[in-house]
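The next block holds one structure in the form of structure tokens; read it before the comments.
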Amino acid sequence: AERKRTNEQRALLETLADLSGQLELDKLLQAVLERAVSLLGVTGGELATYDESRKDLVIVASHNMETDAVGTRMALGDGAMGRVAQTHYLTLLAQSHLRQARLDEAERVLAEGLGAVEATGEAPWEPELHRLQGEVILARGAGPDGERETWLREAHRCFQQALKINPDFAEAYHY
């Protein structure tokens, strides 16, 4: 464990050095990807960025893959990377709606995100979706005492679901 931590810290320092010395974004992203592949102990990988104007992903770096897909566009929800990106995007969108107290929109986006998790099985953002669902419930919870207790129980259920999926999910421990 200590050796892994040392390797991760070394990689972080090397990445920071790359950030300060590399002005070409494509080379920087390639270096970051190669370092991530090494740290994860996998044989290869791809890195994509989100194109806000087209609402899709663009593969910007590739390392040790059978084909070099740099420049390839993919829709959110397509392939493993697209499915993970889709749930992450929906998580960020729900957070934004929640911060702006747009609770109906947040609930709609959370339902879409949890539906995507259920449909695809890609669940890295599922604990956060459940945590946010609990936050929305708490934000709505101002009402008669009996109603408030029901809201609090439902919020607690959502936070417990987040912890059940990922016991290390610290955000849910705050509730």
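Laboratory data are not the source of any read-out in this text; all were calculated from the coordinates shown. Keep in mind the model is a prediction, meaning the values are calculated, not measured. We place every Cβ from the backbone using ideal geometry, glycine too, and count neighbours over all the protein chains shown.
In table form, for the structure just shown:
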item: Label-point separation in nm, residue 2 to residue 108, each point 7 Å along Cα→Cβ; result: 5.5
item: Gain in span if fully extended, residue 66 to residue 36, counting 0.36 nm per residue against the direct Cα distance; result: 9.0 nm
item: Simple spin-label estimate for residue 55 and residue 100 in nanometres, 7 Å along Cα-Cβ; result: 1.5
item: Gain in span if fully extended, residue 164 to residue 9, counting 0.36 nm per residue against the direct Cα distance; result: 52.9 nm
